[in-house]
Amino acid sequence: MKDRLFDVSGKIVVITGGLGQIGAEFVKEFLRRDAKVAVFSRSANAQKAEKALTKEYASHANLLLTQADITNKESINQALDTVESTWGVADVLINNAGIDTQPSAPPEVSGPFETFPEEVFREVVETNLVGTFLMTQAFGARLIKASKGGSIIQVGSIYGMLSPVQDIYAYKKEMTGVPFIKPVAYSAAKSGIYNLTRYCATYWAKQGIRVNTLTPSGVWRETQDEHFHKNYHARMPMGRMAKADEFNGAVVFLASDASTYMTGSNLVVDGGWTAW
Ligand SMILES: NC(=O)c1ccc[n+]([C@@H]2O[C@H](COP(=O)([O-])OP(=O)(O)OC[C@H]3O[C@@H](n4cnc5c(N)ncnc54)[C@H](OP(=O)(O)O)[C@@H]3O)[C@@H](O)[C@H]2O)c1
């Protein structure tokens, strides 16, 4: 029996940051399911795509690489024009692009709250919140103009639902003498996503545009410090970080008819992090 409930074949899906760690897994999953996928990112090009997705997916006939800066309205609209002239008005937007501060960052951008630089705070809010707002606004406006329903999926973070556990990063000071303090900017920006989602969900509910947040927890990367892994795993009920493809099921669910009665929600996929 063909799986109609989770079927996304033929859907036009825009994925911002689609060549990043989680985004690349989304792109491959939707291509495997015969969707048409447009990647929006500032440096989207064939070479980057091959590295992020492998040659097989990078040369897929249903992949469109589009250079777009989500903090710039004109750039967003140019990219959406390209999607429309190629395939038509898109069905699904996955607002996945974002910036974060890793423990390897210099102290100037990760220092204590009391002296945390205003320009860094503004930069992170500009990408993670304003960028998500601009993408949602431009995408939703086109759906309304076309009298078409759709699904918008905002990628949040456990650090937007809860404060980071600073103890996880304490190893940095023990090792280097300089503390790493997980910055406020990412948490504050990501927390705004949840009410942006609720606002747009209720605003567009009767027009058939669904808006939901997907909340991931930390993803394992080879470049992360072993002390970080040890501390993170100890805090995580499941005892491990996520693999980058472990959000695919949730994102397909939110994009497909399996979630037609779901809007304004937050789907948390976090190994149990927020459960205690
Ligand atoms: N990885 C995790 O542990 C984790 C945990 C919880 C939540 N999340 C969230 O999941 C999402 C994906 O995370 P990730 O770790 O996969 O990120 P990533 O590997 O750093 O990729 C993010 C992508 O966003 C794009 N981007 C950044 N600024 C942009 C802009 N102004 N315009 C267009 N594209 C932009 C970048 O591409 P260009 O440089 O080409 O523009 C980059 O490829 C983010 O929203 C993140 O906050 C991640």
Handout entry: region 51-70 - residue that is in contact with a Leu (Cβ under 7 Å, 6 or more places away or on another chain) and within 10 Å of the ligand (Cβ to nearest atom) and, of those, farthest from residue 21 (Cα to Cα)
Key = 70
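Residues checked against (1) farther than 28 Å from residue 147 by Cβ; (2) among the hydrophobic types (A, V, I, L, M, F, W, C):
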site	(1), (2)
28	yes, no
35	no, yes
62	no, no
72	no, no
76	no, yes
84	no, no
88	no, no
Problem - residue 202 vs. criteria among the polar types (S, T, N, Q), buried (at least 19 other Cβ atoms within 10 Å of the Cβ), modelled with pLDDT of 95 or more and assigned to a helix (DSSP H, G or I) - result: no
Problem - From 49, 44, 24, 38, residue being closer than 28 Å to residue 100 by Cα, of a type in the set (Gly, Ala, Ser), part of a helix (DSSP H, G or I) and in contact with a strand residue (DSSP E or B) (Cβ under 6 Å, 6 or more places away or on another chain) - result: 49
Exercise for the section: Give the residues of region 111-126 that are surrounded by 12 or more Cβ atoms within 10 Å (Cβ to Cβ), away from the ligand (no atom under 16 Å from the Cβ) and touching a residue at least 12 places away in the same chain (Cβ under 8 Å), sorted by residue number. Expected result: 111, 116
Handout entry: For residue 103: the one exception among (1) surrounded by fewer than 19 Cβ atoms within 10 Å (Cβ to Cβ); (2) at pLDDT 95 or above; (3) within 14 Å of the ligand (Cβ to nearest atom)
Key = (2)
Completion exercise
All conditions in (1) out of contact with any Pro (no Cβ under 8 Å at 6 or more places or on another chain); (2) touching a residue at least 40 places away in the same chain (Cβ under 8 Å); (3) within 13 Å of the ligand (Cβ to nearest atom) are true of residue 164 except (2)
Practice task
Report the residue count in region 169-189 for those that are of a type in the set (A, V, I, L, M, F, W, C), surrounded by fewer than 20 Cβ atoms within 10 Å (Cβ to Cβ) and either assigned to a helix (DSSP H, G or I) or within 16 Å of the ligand (Cβ to nearest atom) (or both).
Solution key: 3
Problem - Subset of region 205-231 [buried (at least 20 other Cβ atoms within 10 Å of the Cβ), within 15 Å of the ligand (Cβ to nearest atom) and either modelled with pLDDT under 95 or not in a loop (DSSP other than H, G, I, E, B) (or both)] - result: 212, 213, 214, 215, 216, 228
Practice task
State whether the residues of region 154-163 include one that is at pLDDT 95 or above, surrounded by fewer than 20 Cβ atoms within 10 Å (Cβ to Cβ) and not in a helix (DSSP H, G or I).
Solution key: yes
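The values are calculated or read from the model by the stated rules, or taken from the named source; none is laboratory data. Model, not experiment: these values are computed from the prediction. Don't worry about glycine lacking a Cβ; one is built from the backbone with ideal geometry, like all the others, and counts go over all protein chains shown.
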